[in-house]
1. I need the fraction of alpha carbon pairs in the chain separated by more than 30 Å, rounded to a whole percent.
2. Give me the number: length gained by fully extending residue 263 to residue 133, i.e. 0.36 nm times residue separation minus the C-alpha to C-alpha distance, one decimal in nm.
3. Once the principal axes of the Cα atoms of region 186-303 are found, what is the range along each, listed largest first in whole angstroms?
4. Starting from the Kirkwood radius over alpha-carbon pairs of region 149-225, derive D by Stokes-Einstein at 25 °C in a medium of 0.890 mPa s and give it in µm² s⁻¹.
5. With springs only between Cα atoms under 10 Å, which of 63, 291, 236 fluctuates most in a Gaussian network model of the chain?
6. In deg cm²/dmol and to the nearest 500, what is the mean residue ellipticity at 222 nm of the chain if only DSSP H runs of at least 4 residues count, each as -39500 (n - 2.57), divided by the residue total?
7. Tell me the Rg and the Dmax, in Å, that the Cα atoms of region 107-247 produce.
8. Between 199, 238, 180, find the one with the highest GNM mean-square fluctuation for the chain; connect C-alpha pairs within less than 10 Å.
Amino acid sequence: MRYNKKSTASLKSTNVALQYRKQSRANMLWRQFKKNKGAVSGLVLIVVIILIAVASNFIWDYDTQITGMNSLERLLSPSLSHPFGTDHMGRDVLARVCYGARYSLLIGFSAVSISMIFGAIIGSIAGYYGGRVESIIMRIVELFLMIPAILLVIIFVSVFGTSLLNLIIGLGASTIPHFARNARASVMTVRGSEFVEAAKAVGASDLRIIFDHVLPNAFSPILVQATTRIASCIIDAAAFSFLGLGVPAPLPEWGAMLADARQFLRDHPNLTVAPGVAIMLTVFAVNLIGDGLRDALDPKLKK
């Protein structure tokens with residue numbers, strides 16, 4: 001079906017209306033989000049953690065203070081110069097925790113970005129077309145859902161080796177099916193809307209309808225799922241590093257720091273306090289943000 005001047009003008013007006021709706025929706029989302037003091041606190045805490053991760057690159061030298069060895073300062077108790085003491089290699093624990101924030105945040109956000117992008121695309125295609133296409137896609141998704149996510153990550157890391165990139169890809173790929181199911185359900189609720197029918201009437205292609213009209217209006221549940229999944233990825237990354245399947249030494253990842261400190265836990269429990277508290281605070285902040293987004297995007301809670 002070819003575009004004529006009338007249909008093209010109609011499509012342009014539709015796009016302008018959708019753009020205005022997106023801006024209004026973003027403003028409304030921010031107003032609702034600000035009403036939740038816990039969510040704002042979580043956002044402030046995450047911003048502080050990000051700033052610490054960035055500033056640590058300028059405060060401490062990576063080769064000498066983060067990954068280097070200083071045998072004269074091994075296993076020192078907490079003091080003014082070393083607030084959380086030093087580890088078995090003579091490295092300042094506080095410096096490594098602050099520097100390690102970039103690895104945990106990078107893993108969480110990158111892994112979720114991978115799973116969200118691919119899961120949203122797969123689920124959107126299945127939810128939009130329905131029928132045989134949906135049946136084939138969802139049977140494949142359910143097949144992967146039968147395999148525990150932790151087992152998929154272990155297999156992937158064991159085959160391709162332990163590295164930061166492999167851990168990110170493994171964690172991201174393991175949750176694609178979950179995002180695909182959520183995206184499919186969300187798309188099915190909006191695929192019969194009037195703006196979708198109007199886009200079809202003016203001859204817009206299926207891909208344009210999916211990415212310009214359907215997916216943006218079905219993105220709210222996916223966004224909420226993504227925030228909660230970031231917290232899970234941070235915990236999973238720490239767990240895999242603790243088991244020796246995650247970020248390799250001497251990178252200062254929080255889980256790897258806990259693994260190094262376990263043999264000194266009896267005499268030097270301070271080595272586990274800083275990375276443990278860092279994981280707890282980061283996950284807590286992300287969960288607060290997720291709760292705030294869920295409440296802000298829930299139409300039943302809007303006033």
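Values quoted throughout were computed directly from the atomic coordinates according to the rules given, and no laboratory measurement underlies them. Since the model is a prediction, treat every value here as computed from it, not as a measurement.
1. Here the long-distance tail beyond 30 Å is 45 percent of all Cα pairs in the chain.
2. Computed gain between residue 263 and residue 133 is 41.5 nm.
3. 72, 35, 16
4. Rounded, D is 169 µm²/s.
5. 63
6. -24000 deg cm²/dmol
7. 16.8, 56
8. 199
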